[in-house]
Every structure is written in C-alpha cells, then in structure tokens.
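Trainee: For reference, the structure I am asking about is given below.
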Amino acid sequence: MSAESYLASPRGVRSWLLTTDHKRIAILYLVSVTLFFFLGSAFAVAIRLELLTPAGDAVQADTYGRLFTMHGVVMIFFFLIPAIPTVLGNFLVPMMIGARDLAFPRLNLLSWYVYVLGASISLWAIVHGGVDTGWTFYTPFSTTYSNGAVVTTGIGVFITGFSSILTGLNFIVTIHRMRAPGLGWYRLPLFIWAHYATSLMMVLGTPVIAMTLLLVVAERALGLGIFDPARGGDPILFQHLFWFYSHPAVYIMVLPAMGVISELVTAFAKKNIFGYRFVAWASIAIAVLGFFVWGHHMFVSGQSAYAGMVFSALSFLVAVPSAIKVFNWTATLYRGSVSFRTPMLYAFGFIGLFTIGGLTGLFLSALGLDVHVHDTYFVVAHFHYIMVGGTIMAFLGGLHYWWPKISGSSYPEGWARFSALVIFVGFNLTFFPQFLLGYLGMPRRYHAYPPELQVLNVMSSAGASILGVGYLIPMVYLFWSMRYGARVAANPWGASGLEWTTPSPPPTCNFETTPVVTQDPYTYSSEEAQVVG
Amino acid sequence: MAEAGHSQAPVSSLKHHFDDMEQQQAASTLGMWVFLATEVLFFGGALTVYAVYRLVYPAAFSAASNHLDVRIGAVNTVVLIGSSLTMAIAVWSARRNGPRSTRMLVGSLAMTALLGSVFLAIKATEYSAKLAAGLFPGPAFRFPGAHARPAELFYSLYFVLTGLHALHLAIGIGVVAVVAARAARGRYDLEYHGPVEITGLYWHFVDVVWIFLFPLLYLVGRGG
Amino acid sequence: MAPAHPSPSIYVAVFMTLVGLTALTVWAASAHLGAWSGVIALSIATTKATLVVLYFMHVRYGERFIAVVAVAGAFWLAILVVFVLADVLTRSWLPILVR
C-alpha cells in the first residue's frame, strides 16, 4: 500500500478539528450525533420513569413538559435528521461515486462547526431552564405564554438548520458534478439516489423552518406581530410553515435509511436489487410528494375542512412509493442466498417495523380516523416506529455494514447479533403498547394518566430499559473493536460498490487512480450480469 | 508581479479533488444556484405570511402601505438595478485577460459596492423616519385610523423583509469588497474567475428579492 | 449555438428595460385598477425578475439544469403559497355548508 489510511495520518487533535477530509468529518459527526443520541435518550428515560405510575409524582407537569420537549428537540434536530446523511452519507457519497472528496470540502467542515454551534446554543438553553413548547414550538404558546428558553432554543435550531442545508447542497453538487467516468445516473448505488432525494428536501424545506423560527424569535424577543392573534395574526399559519418543513423532515430522516437498506438487502441476499429504477425513482417521488401532505398534521387545528380533505387524499399517495420499496426489497430476497449477519438482522428489523409504522401512518392520514386518535399515543407509537424502528435500525445496520471500511476492523459478530435482537425486542415492547394506549385514548404530553392504563405503560417503560441496554452494547464493542478487533481486507462482505475497492480503512485520497465504471451498481447475480454484459 | 500571478493562477486555483478547472467552475456555479433556491424558500416563508394577511386584510394593508414613500422605494429600486448592471459588467470583464479588463473589473466592482451602500444609506434614513413616526411594531406602535392592529402586521413584515434584505445586501457588499481587493492583485482571468461569477449570482439574487419587495410593500392600494 | 455570455450592450439594454418597467409599475399602481392592480404589480415584478435571471445571471446562456434549479425554487415556493391559501381562503366556507 502506498498511501496511509485516513485514520493514521496526519496525526493530532488539530489535524482532526481542521480536516477537510469527508471521512474524518464523518467521524466528527459520528461522535457528536452519538453524544446527542444519548442526551436525548436520557430525557426519554426520565419520561418513561414518570409514566411508570399513573400519578404525576416523579416530576411536576411543568418539568415533564420540558422533558418531552427536549427529548424531541434533541432527538429530531441533533440526531435523527443529521445521523445517516452526515455520518454514513459523508463517508460514502464520495467513495460510492469514485470521487476524492465532496465538491466543497471546507463547506463540509463548516457545516459540522455550524452544527456544533447550533447544538451548543440549544444545550445552553436546556441547562438554563429548558423549553416547554414541545418540539413543534406552536404559537401563540411559544411566542407569548411559554416561560421556557424559546428564543435561545429557536436560535440554536435555526443555526443547526444551516448545517443541514450545507450538507444537502454539498451532496447535490457532488452527485451532479463529481461522478467517476462511466458512472451514469442509473449506475449509481441506491444509497446515492436516496441521499440525492434527501438533499433536495434539506435544501428546499429547511429554509422555511429557518424563517419560521426567525419569525417566532422576532415576535417573542422584539415584539413584532406575525402570528399574534391579539393583533389579527393567524397562529394556524405558523403550523403551516412549520409543517411545510417538518413533514418532509420525517422523510429526511427515513429516506437515507431506505438507501442503507437497499445496500444491505442486496449485499446479504447476494442478489441484485429487484426493480432498480423503481426503487431509485421512489426515493425522488417520496421527496417530492412529501411537500404536498403537511396539512395532515393539522386536521384538528382549525384548518379548513376542504384543505384537510385534499391533504388527506394526497397523504395516501406517499404509501405508493414507500410500498414499492418494501415490495422490491422483499422481492430481492426471493431465491437469494440470504445470510443472517448483523447488518441484515437490522435490515429485517427495518422492513418489518417500517411497514408497521407506514401502515399506521395510513390510519392517521385518513381524516375521519385522525380526528379520534390525534394527539394520542397512537401518533407517538406511529412516528417512533418510523424514526426509531426505521431510521435508527438502518443507522445501526449501516454502521455495522460499513464499520470494517470506516475503522478497518471487525466487530464481534456474536455480541452484535445479540444486541440487534435485544434492540428489536426492546423496541417493540416499548412502542407497541403505545398503539394500544393511544387507541384507548391516552393523550400525549401529559405526565399523569388513569390507573387502568398502568399495565401498558409499565410494559412500555420495561421495554425502554431493554432498548437502552441494547443501544449500549454496540457502543462498547464498536469502541473495543477499534483497538482489539481483527484487521479486515478491502471487501470483507464480498459486496459490490466502489467503496469496497479501496483498502479498509481507505487512504485520504480514497482512490489511487480515478476508477472508470463499466457496469451496473449491483453485480451479485452473475447470470444477469452476463445477459446484460 | 501581475505576470507571475497570471501564470501561477491556473495551477494554484485548482483544488485537489477536481479533475480540471471546468469541473471546478461548474461545481461552484451549481452550488451557488442551489443556495439561491434555498434563499427563495427562506424569503418565501415570510412572503407566504404576507400573502395571507394581504388577502385577509386588504384595506389595512392599503392604509399601512400608504405610509411608505413610493419615491424612496422607486429610487432605491433604480439604484439596485444599476448595481446589478455594474456587477454584470464586472463578471464580463473578469472573463478577459489583460490589465485593461482588470482595471474595468476592479472599477465596476467598486461601483457595485458603492451603489449597494447608497441603497443601504437611503434605507437607513427611511428606517429612522419610520421609527420616529412610531411605525415600529410593539407596545410603542402608533397608527392613525381604523386599521391599527392589522397595520402592525404589515409593518412587522415590512421590517422583517426589508431588514433581512438589507442584511443580505450588507453581506454582499462585504464579499464584493473582498473580491475587488483580490481582483486588484490580478487574481482573476479567463481561466479562473469563479468567485467573481458566483458573487455576481448572489448580488443579482438580492436585486431580484427587492424587485418583488418594492411593489409588495410600497405599491399597495395607491390607486384607491 | 448561443454565445457563452452576452455583451455589455445587452446588459445596458436590459438595465434600461428594468428601469422602464419600474416606472411602469409605479404608474400602474396609481391608476385606478381596483383588484387588478396587485396582479399587474406582481406580473411586472415577475417580468423584471425573469430578465435579471435570464440575462444578468446567464441562465439563458448556461446549461439547462441551472434553469431547472431556478424554476425548482420558484415552484416549491408556489407549493407553499398555494396550499396555505387553499386553507385560508376556504376556511369560511364551512358554516355555509353546515347551514
């Protein structure tokens, strides 16, 4: 090997903090989003502790409001939205397209600093009393009545939004301009398609929430009148602007996850993806349709019933590309030689849990049904199946799949499989009872509940503790593997993709010579390859 | 000095991860355009609020808009369009070699920054007049006539939109100044002029924003 | 094939047109056009913006995908405005239906 690995050289803290190497920036992000994941989890622990008993005893209502708000803000803005794109995406997008780096390496580093700055400001707000508005910052509570640190948190989230915009911008330009010779659009791995679609939403949606939060801050801090009903303003307008971004934000969280799953399913079924173009365009379809459905969060807000009907009908359309993906992954498994390695266990977990989350999403997009379960635990369970069952499963699956590439070492397979199982069991025990609680009418965001709901709540809290253990195990053995894990070859899984043609871990320049691509992204089915070639 | 700069520029200006100058230029142009699409949606958030309130409170928006001075707005529009002209000429001359086009580049960039500053100066006098008239929203807001409360919405949007526009313009002036200083050192030529080009794109975008803000804020209900 | 970039004379012509359109929109605003005045003002502004984008920002002379990006920004803003207005403008219909 002529070049040293990106991990080995150059050395020193300074070389890491000033790096413009996309792989090192991915590591910086991995460390920071992991910290925020455990911070967000700590708030979840407090919430589940309070809900062990029907009485509001461990914390008061006011504190509880701050707990679920900060759980939501931290998990959504500082973990779920950046997690897969900034860690796996940053590491893999240039490698998968045969480039030496992203189009704007310094902008990439800047986006990490912007993230750290925004997150630190929000953290400061949390320490200084916290926020109690819910992660949704609804007006006029947020602008007028809340006694939490709305302005500071709003500014923190506003700043973090620019990190997201810069990442999306970088990916779009990179995918357009930096592809290796011969790498046409239909030869791109589906991971790249998913990240392209995600970037579209980051770039077109995030600025709207930035402006919205700015308006809230202007109203609260400067006394301007924007959404203030006392001056003729319309608080529902805030919800429109908020959800114009925040509904697509859900797809910002789950689309990269879908990209990961497409890679995992093909690699561990040893089969080319079924219906490549459908899966690719389904990503774009989800990204675009995602901007037409936000009103389904507002069915009971006072929004026009006619707008509600249109938003309800449009919301059903999102099920089509989502189902295409699930069906095509399943069809890819058919007659494949499936191996149940750790990443594949996570992929199976994703497919099942995402399907449950998606189907219950259809319940909620039905206007008539949503009126009954709106703001109940049914909604909470639904979106945790998508975000935790979907995004975090895929994040962990992807992290395990590409860990040999990222770190150059292998993790203990037995422990990894065990923890994947623990996470799956813990997750379902935590969140399935919440569907039932919501169906029985338990509203979200209350710290007390009727005693007859206690059994389901105790189950949920018990599940959460199992889930917490499940998340800690990979933390330990992945750290352990960096020092003690066996060194791995360039392509330990026998997977296709340009990233596996480089040494593990790759050299700083990724490729000694720019690769020339002459074949389709998935070359597992040799028979098909022969027919095509 | 300038000669050496010219011969060195193509080599040192190509960043390591690009194959050639053409790819680097295409990437930076696309990057700026994607950023500008982001900016459209950023201002778009506040413009959506404007659209809703204007349709809900047409009379109040007319009354409130009539307290703005059309002449100031129109003059500022022409100033900004003029700065776009000089910016366009700057980009044109950046793509040429030779000391004459370098002088032209530096001169038109300086003119652009100057016109931008004129715009801000006029805006500042306008702001202070509005503040003196009690038109800044909040407890001290004073509006004669029947539509005081929705008029406060109008002026909230007025200050948010024009304030953010002015901020963008101020950033633009700073960037143009930096680019002009580098241009004076002979940094840009036919081979390498990307920074001038994308600064121009940004500047024109700020102009476009004002092209919409002018009629939306100053020209409501003037015909009665 | 179109030239890579227009010449300064075209820039001056565009500038004159923009100034003329500014005068036109000020004049149109003072005319008694009623509900149309807003539509006319927006149309003139859109025309001016299009001129800036096509000539000053070279979209007319550049590759097609840049135009796609520019249109995407405007289109996504249109989604936001249209759907929000679809709610705001139909909110008052409900009582009529109930009666």
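Trainee: In whole percent, what relative contact order does chain A give with Cα contacts below 8 Å and a gap of six or more residues? All intermediate terms of the calculation are to be shown ahead of the outcome.
Mentor: Values: 902 pairs, mean separation 99.2, N = 533.
Here the relative contact order equals 19 percent.
Trainee: Can you tell me the order of B:138-144, C:85-91 when each peptide is scored by its average per-residue count of other Cβ atoms within 10 angstrom, highest first?
Mentor: Sorting B:138-144, C:85-91 by mean packing, highest first, produces C:85-91, B:138-144.
Trainee: Tell me the total accessible area that A and B bury against each other, 1.4 angstrom probe, in square angstrom rounded to 100.
Mentor: It comes to approximately 3100 Å² buried between A and B.
Trainee: Using a 10 Å cut-off around each Cβ of peptide C:59-71, what is the average number of partner chain Cβ atoms that fall inside?
Mentor: If you average over the peptide's residues, the count of other-chain Cβ atoms is 3.
Trainee: Which value, in Å², gives the accessible area per residue of the stretch B:1-156 when a 1.4 Å probe is used on the protein heavy atoms?
Mentor: I get 41 Å² per residue for the stretch B:1-156.
Trainee: What share of Cα pairs, in percent, lie more than 49 angstrom apart in the protein assembly as shown?
Mentor: 22
Trainee: Given R₀ = 22 Å, FRET efficiency for A:Ala55-A:Asp375 by Cβ-Cβ distance, to 0.05?
Mentor: 0.55
Trainee: Okay, next question. Quote the charge dipole size of the stretch A:372-494 about the Cα centre in Debye, to the nearest 20; the model charges only the Cβ of Lys and Arg (+1) and of Asp and Glu (-1).
Mentor: Here the size comes out at about 400 debye.
Trainee: Right, next: Gain in length, B:Arg96 to B:Ala181, computed as 0.36 nm per residue apart minus the alpha-carbon separation, to one decimal in nm? Numbers along the way, then the final one.
Mentor: Details: separation 85, 0.36 × 85 = 30.60 nm, distance 1.74 nm.
The span from B:Arg96 to B:Ala181 would gain 28.9 nm if fully extended.
Trainee: Dividing the alpha-carbon radius of gyration of the stretch C:1-94 by 2.2 N^0.38 Å (N being the number of residues), what value is obtained?
Mentor: Numbers: Rg = 17.5 Å, N = 94, 2.2 N^0.38 = 12.4 Å.
So the Cα radius of gyration is 1.41 times the expected 2.2 N^0.38 Å.
Trainee: Same structure, new question: Could you size up the charge dipole of the stretch A:171-237 around its Cα centre, putting +1 on the beta carbon of Lys and Arg and -1 on that of Asp and Glu, and report it in debye to the nearest 20?
Mentor: Its charge dipole is roughly 440 debye.
Trainee: Sticking with this one: What FRET efficiency, computed as 1/(1 + (r/R0)^6) with R0 = 30 Å and r the Cβ-Cβ distance, is obtained for C:Ala35 and B:Ile122, rounded to the nearest 0.05?
Mentor: Working from the Cβ atoms, E equals 0.45.
Trainee: Next up: Suppose we flag GluC sites (Glu not before Pro) only when DSSP calls them loop and at most 16 other Cβ atoms lie within 10 Å. Which is the longest uninterrupted stretch of chain A?
Mentor: A:5-511
Trainee: What is the Cα centroid distance between the stretch A:128-150 and the stretch A:1-46, reported in whole angstrom?
Mentor: A separation of 32 Å, based on Cα centres.
Trainee: Further, regarding this structure: Kirkwood hydrodynamic radius, the stretch A:337-426, all distinct C-alpha pairs: what's the number in Å?
Mentor: With all distinct Cα pairs of the stretch A:337-426 included, I get 14.3 Å.
Trainee: With unit charges on the beta carbon (Lys/Arg positive, Asp/Glu negative), name the residue among A:Phe137, B:Ala63, A:Val173 whose Cα is farthest towards the positive pole of the charge dipole of the protein assembly as shown.
Mentor: About the Cα centre, the residue reaching furthest to the positive side is A:Val173.
Trainee: Which value in nm describes the separation of the simple spin-label points at A:Met475 and B:Val70, placed 7 Å from the Cα toward the beta carbon?
Mentor: In this crude spin-label approximation the distance works out to 6.6 nm.
Trainee: Here is a follow-up. With the contact rule set at Cα under 8 Å and sequence spacing of 6 or more, what percent relative contact order holds for the stretch A:229-375?
Mentor: 32
Trainee: Rounded to the nearest 0.05, what FRET efficiency do B:Leu190 and A:Thr523 give with R0 = 60 Å and r taken as the Cβ-Cβ distance? Could you check?
Mentor: The value I calculate is 0.85.
Trainee: Roughly how crowded by other chains is peptide A:483-494, in terms of the mean Cβ count from those chains within 10 Å of each of its Cβ atoms?
Mentor: Values: counts 0, 0, 0, 0, 0, 0, 0, 0, 0, 0, 0, 0.
Averaged over the peptide's residues, the number is 0.
Trainee: So, by mean Cβ neighbours within 10 angstrom, what's the order for A:91-100, A:290-299, B:184-193 with the highest one leading?
Mentor: Per-residue Cβ counts within 10 Å, averaged per peptide and sorted highest first, yield A:91-100, A:290-299, B:184-193.
Trainee: Moving to a separate point now. What nm distance separates the two modelled labels at B:Asp19 and A:Val45, each placed 7 Å from Cα along Cα→Cβ?
Mentor: About 5.2 nm separates the two model spin labels.
Trainee: Rolling a 1.4 angstrom probe over the protein chains, ignoring ligands and nucleic acids, what is the accessible area of A:Leu359 in square angstrom, nearest 10?
Mentor: Surface open to solvent at A:Leu359 totals about 100 Å².
Trainee: Please work out the Cα center distance from the stretch A:250-323 to the stretch A:370-432, rounded to the nearest Å.
Mentor: 19
Trainee: If each DSSP helix of 4+ residues adds -39,500 (n - 2.57) and the sum is divided by the residues in chain A, what number results at 222 nm, nearest 500 deg cm²/dmol?
Mentor: Value at 222 nm, helices only, nearest 500: -21500 deg cm²/dmol.
Trainee: Still on this structure, I have one more. Figure the gain on full extension for C:Ser7 and C:Ser43 (residue separation times 0.36 nm, minus the Cα-Cα span) and round it to one decimal in nm.
Mentor: Details: separation 36, 0.36 × 36 = 12.96 nm, distance 2.71 nm.
Value of the extension gain: 10.3 nm.
Trainee: Using only protein heavy atoms and a 1.4 Å probe, report how much of A:Asp228 is accessible, in Å² to the nearest 10.
Mentor: Result for A:Asp228: roughly 30 Å² accessible.
Trainee: Defining a contact as two alpha carbons under 8 Å apart and six or more residues distant in sequence, what relative contact order in percent does chain B show?
Mentor: The value is 36 percent.
Trainee: Additional query: Would you mind working out the magnitude of the charge dipole of the protein assembly as shown relative to its Cα centre, with +1 at each Lys and Arg C-beta and -1 at each Asp and Glu C-beta, to the nearest 20 Debye? Intermediate results must be reported in sequence, preceding the final value.
Mentor: Values: 45 positive and 34 negative charges, 160 e Å.
It comes to approximately 760 debye.
Trainee: To the nearest 10 square angstrom, how much accessible area does B:Lys130 have with a 1.4 angstrom probe?
Mentor: Roughly 20 Å² of B:Lys130 is accessible to a 1.4 Å probe.
Trainee: How large is Rg over Rh for the stretch B:2-218, taking Rg from the Cα atoms and Rh as the Kirkwood inverse mean of 1/r across Cα pairs?
Mentor: That ratio is 1.09, to two decimals.
Trainee: Rounded to the nearest whole Å², what accessible area per residue is found for chain A with the 1.4 Å probe?
Mentor: Here the per-residue accessible area is 35 Å².
Trainee: Moving to a separate point now. So how much accessible surface do C and B hide from each other in total, probe 1.4 Å, in square angstrom to the nearest 100?
Mentor: When C and B are taken together, about 3400 Å² of accessible area is lost.
Trainee: Still on this structure, please answer the following. Going highest first, how would you order C:68-81, C:31-44 by mean Cβ packing within 10 Å? Write out the running numbers ahead of the final one.
Mentor: Working: C:68-81: 17.9, C:31-44: 14.8.
Taking the mean over residues of other Cβ atoms within 10 Å, the ranking is C:68-81, C:31-44.
Trainee: Using the Cα centre of the protein assembly as shown as origin and beta-carbon charges of +1 (Lys, Arg) and -1 (Asp, Glu), tell me which of A:Val13, B:Thr48, A:Val373 is placed farthest towards the positive end of the dipole.
Mentor: Checked the options; the winner is A:Val13.
Trainee: Put a dot 7 Å past each Cα toward the Cβ at A:Leu317 and A:Val516; how far apart are the dots in nm?
Mentor: It works out to 4.4 nm between the two label points.
Trainee: While we're looking at this one, here's another question. Please average, across the residues of B:46-57, the number of beta carbons from any other chain that are within 10 Å of each residue's own beta carbon, and give a whole number. Write down the numbers at each step before the final one.
Mentor: Details: counts 8, 4, 14, 12, 1, 6, 11, 7, 1, 4, 7, 1.
Taking the mean over all residues of the peptide, I get 6.
Trainee: Return the loop-located chymotrypsin sites (Phe, Trp or Tyr not before Pro) in the stretch A:301-376 (DSSP other than H, G, I, E, B) with at most 13 other Cβ atoms within 10 Å of their own Cβ; answer none if there are none.
Mentor: Working: sites: A:Tyr306, A:Phe311, A:Phe316, A:Phe327, A:Trp329, A:Tyr334, A:Phe340, A:Tyr346, A:Phe348, A:Phe350, A:Phe354, A:Phe363; in loops: A:Tyr334, A:Phe340.
Sites meeting the loop and neighbour criteria: A:Tyr334, A:Phe340.
The values are calculated or read from the model by the stated rules, or taken from the named source; none is laboratory data. Just so it is clear, the structure is predicted and the values come from calculations on it, not from any experiment. Glycine gets a Cβ as well: all are built from the backbone with ideal geometry, and neighbour counts include every protein chain shown. Surface accessibility is based on the protein's heavy atoms, side chains included, excluding ligands, DNA and RNA. Shrake-Rupley method; radii C 1.70, N 1.55, O 1.52, S 1.80 Å.
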